[in-house]
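Let me begin by presenting the structure, written as structure tokens, before commenting on it.
The values are calculated or read from the model by the stated rules, or taken from the named source; none is laboratory data. What you see is a predicted model; the values in this text were computed from it and never measured. Using ideal geometry, Cβ is built from the backbone for each residue, glycine included, and neighbour counts are taken over all protein chains shown. Heavy atoms of the whole protein, side chains included, go into the accessibility calculation; ligands, DNA and RNA do not. Shrake-Rupley method; radii C 1.70, N 1.55, O 1.52, S 1.80 Å.
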Amino acid sequence: MTENMAARYEVVVVGGGAAGLSAALVLGRARRRTLVVDAGEPRNTPSAHMHGYLTRDGMSPAEFLAAGREEIARYGVELVRGRVVDASRDEDGFTVVLADGGTVRARQLVVATGLRDELPPLPGLAERFGRDVLHCPYCHGWEARDLPTGVLATSALSVHQALMVTQWSKDVRLFLHLVPEAELTDEDLRRLAAAGVAVVPGEVAGLVVTGDRLTGVRLADGTVHDREVLYAAPRAVPENRLFVRLGAELRETPFGAYPVIDERGLTSVPGLWAAGNASGFSEQVVNAASRGYRAGVAINGELLFADLDAALG
């Protein structure tokens, strides 16, 4: 954006993923002047396909976003490639500052910046993430069904992940890695045994890849366990900088700090909305789109009645 773009919009949406585009689609169809600012860094970029979205199951994330951009353009929504670096609020709304120095004004602001996945620092893990190194069985479990499967423990919560994975494979090994075996409770061990999950102590040193395909997990002592799939839970790093900057109340969770919102997505700051993974860790694409839709409808209503009340004096 140029310095000329200190334009005023009714709504600025920060983030052009499923949540942001969904909110923008509703607002565009409601004839609201809307701008989407998108840095082009969707969370699901490593995945070749997305799943569990009715009528869109198996669609590539890139194709999905391209279709969404085309749809919002039909209703006059503007989209620019850029990054929002700052925002402030006064009685008239929000001033949004972009990385190129441009600024825009908005009566309402939707933050749909998602989160960043920080993978365990294991050699070779990042290169295979979204292929045969996975994080979500609901996203990829069907495609990896019945394969020899491993789960890399990153915390005691990994027991839950290993138990869930047994719905898709009965050959599951939980690699404790850096998690002490003593952190597993008696209940954990009983459940793992009942589910047929083998618990493998010892630090994982790396992956074994043959012909661009995961074939094993190698321990620090040199032992190799034949595995074709490895689940590894990333550490969620919420993109909550704008919420902090604008003074929104945050709630601490095991997966980072997220804004406190009502059922529509409104934060504690009037006119500031959260949607998608900006509002919580577990929003899949379909949930994120729903969150964006709900926020868009609520925002249109807020603007409508604010204008009516102003006209009444």
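Report the full-extension gain for the segment Leu157 to Phe281: residue separation times 0.36 nm, less the Cα-Cα distance, to one decimal in nm. Let's see the in-between values first.
Working: separation 124, 0.36 × 124 = 44.64 nm, distance 1.47 nm.
Here the segment from Leu157 to Phe281 would lengthen by 43.2 nm.
Determine the relative contact order of the chain: mean sequence separation of Cα pairs under 8 Å and six or more apart, normalised by residue count, in whole percent.
Values: 661 pairs, mean separation 66.9, N = 313.
In percent, rounded to a whole number, it is 21.
Using a 1.4 Å probe, how large is the accessible area of Met59, given in Å² and rounded to the nearest 10?
Rounded to the nearest 10, the figure is 30 Å².
Taking the simple approach of a point 7 Å from Cα along Cα-to-Cβ for both Thr185 and Asp86, what is their distance in nm?
In this crude spin-label approximation the distance works out to 4.8 nm.
Return the Cα extents of the range 1-158 along principal axes one, two and three, sorted largest first, each rounded to a whole Å.
Principal extents (largest minus smallest coordinate, Cα): 57, 34, 25 Å.
Mind checking the log10 I(q)/I(0) for the range 210-296 at q = 0.14, 0.16, 0.26 Å⁻¹? Debye, one equal scatterer per Cα, no solvent, two decimals.
Debye output, listed in q order: -0.60, -0.68, -1.31.
Restricting to the chain, compute how many DSSP beta bridges are antiparallel as a %, nearest 5. Intermediate values should be presented prior to the final figure.
On the way: 27 of 58 bridges.
Given both bridge residues lie in the chain, the antiparallel proportion sits at roughly 45 percent.
May I ask you to list the trypsin sites (Lys or Arg not before Pro) in the range 77-179 that are in a DSSP loop and have at most 16 other Cβ atoms within 10 Å of their Cβ?
On the way: sites: Arg81, Arg83, Arg89, Arg105, Arg107, Arg116, Arg128, Arg131, Arg145, Lys170, Arg173; in loops: Arg83, Arg131, Arg145, Lys170.
Qualifying residues, ordered by number: Arg83, Arg131, Arg145, Lys170.
Against the longest alpha carbon principal axis of the chain, how many degrees, from 0 to 90 and to the nearest 10, is the axis of helix 18-29 turned?
Long axis of 18-29 versus the principal axis of the chain: about 30 degrees.
Starting from the 7 Å offset along Cα-to-Cβ, what nm value, one decimal, do you get for the label separation of Asp307 and Ala220?
6.4
Could you work out the relative contact order of the range 120-232? I mean the mean sequence separation of Cα pairs under 8 Å and 6+ apart, divided by the number of residues, in percent.
Relative contact order comes out at 32 percent.
Could you tell me how many cubic angstrom of Cα convex hull volume the range 207-247 has per residue? Don't skip to the end; give the middle numbers.
Details: hull volume 4.3 nm³, N = 41.
Hull volume normalised by residue count: 106 Å³.
Based on Cβ point charges of +1 for Lys and Arg and -1 for Asp and Glu, what charge dipole magnitude is obtained for the range 151-304 about its Cα centre, in debye rounded to the nearest 20? Can you show the working numbers first?
Values: 14 positive and 18 negative charges, 75 e Å.
Rounded to the nearest 20 debye, it is 360 debye.
Please identify the trypsin sites (Lys or Arg not before Pro) of the range 212-297 that satisfy two criteria: DSSP loop assignment and at most 13 other Cβ atoms within 10 Å. Which are they?
Numbers: sites: Arg213, Arg218, Arg227, Arg235, Arg241, Arg245, Arg251, Arg264, Arg291, Arg294; in loops: Arg213, Arg227, Arg264.
Hits after loop and neighbour filter: Arg213.
If you filter the range 64-104 for GluC sites (Glu not before Pro), then keep DSSP loop positions with at most 14 other Cβ within 10 Å, what is left? Walk me through the intermediate numbers first.
Values: sites: Glu70, Glu71, Glu78, Glu91; in loops: Glu91.
In loop regions of the range 64-104 (DSSP not H, G, I, E or B), the sparsely surrounded GluC sites (Glu not before Pro) are Glu91.
For the range 4-63, what is the accessible area per residue in Å² when the probe is 1.4 Å?
Result: 46 Å² of accessible area for each residue.
What net charge is computed for the residues neighbouring Ala278, neighbours being all others with C-beta under 12 Å from the C-beta of Ala278, Lys and Arg scored +1, Asp and Glu -1? Could the numbers behind the result be given before it?
On the way: positive: Arg43, Arg116, Arg241, Arg291; negative: Glu239, Glu283.
Residues close to Ala278 contribute a combined charge of +2.
For Leu54 and Gln167 in the same chain, what is the full-extension length gain: residue separation times 0.36 nm, less their Cα-Cα distance, in nm? Working shown, then result.
Numbers: separation 113, 0.36 × 113 = 40.68 nm, distance 2.10 nm.
That pair, Leu54 and Gln167, stretches by 38.6 nm at full extension.
Explain nothing, just the number: dipole magnitude of the chain about its Cα centre with +1 on each Lys and Arg Cβ and -1 on each Asp and Glu Cβ, in debye rounded to the nearest 20. List each step's numbers first, then the result.
Values: 32 positive and 40 negative charges, 128 e Å.
Dipole magnitude for the chain comes out near 620 debye.
When the accessible area of the chain is computed with all protein chains present and a 1.4 Å probe, what percentage of it is carbon and sulfur?
Details: 7950 of 15300 Å².
After summing per-atom areas, the C and S share lands at 52 percent.
Find the accessible area per residue for the range 134-263; the probe is 1.4 Å, ligands and nucleic acids are left out, and the unit is Å².
On the way: 6650 Å² over 130 residues.
Ligands and nucleic acids excluded, the result is 51 Å² per residue.
In nm², what is the average projected area of the convex hull enclosing the Cα atoms of the chain?
On the way: hull surface 72.5 nm².
In nm², the orientation-averaged hull projection of the chain is 18.1.
Can you list residues whose amide H is under 5 Å from Leu250's amide H, if they're 5+ apart or on another chain and H is modeled 1.01 Å from N?
Residues meeting the criterion, in which the H sits 1.01 Å from N, are Val260.
Under 4 °C and 1.567 mPa s, how fast does the range 120-232 diffuse according to Stokes-Einstein, given a Kirkwood radius computed over C-alpha pairs? Answer in µm²/s, whole number. Numbers along the way, then the final one.
Numbers: Rh = 13.8 Å.
Translational diffusion coefficient: 94 µm²/s.
Compute the FRET efficiency between Trp142 and Asp212 as 1/(1 + (r/R0)^6), taking r as their Cβ-Cβ distance and R0 = 22 Å, and round to the nearest 0.05.
Numbers: r = 22 Å, r/R0 = 0.99.
Efficiency, rounded to the nearest 0.05: 0.50.
May I ask you to derive the FRET efficiency for Leu250 and Glu127 from their Cβ-Cβ distance with R0 = 51 Å, giving the value to the nearest 0.05?
Numbers: r = 33 Å, r/R0 = 0.65.
After rounding, the FRET efficiency stands at 0.95.
Of all alpha-carbon pairs in the range 248-313, indicate the percentage at a distance above 19 angstrom.
Details: 819 of 2145 pairs.
In whole percent, the share of Cα-Cα pairs in the range 248-313 beyond 19 Å is 38.
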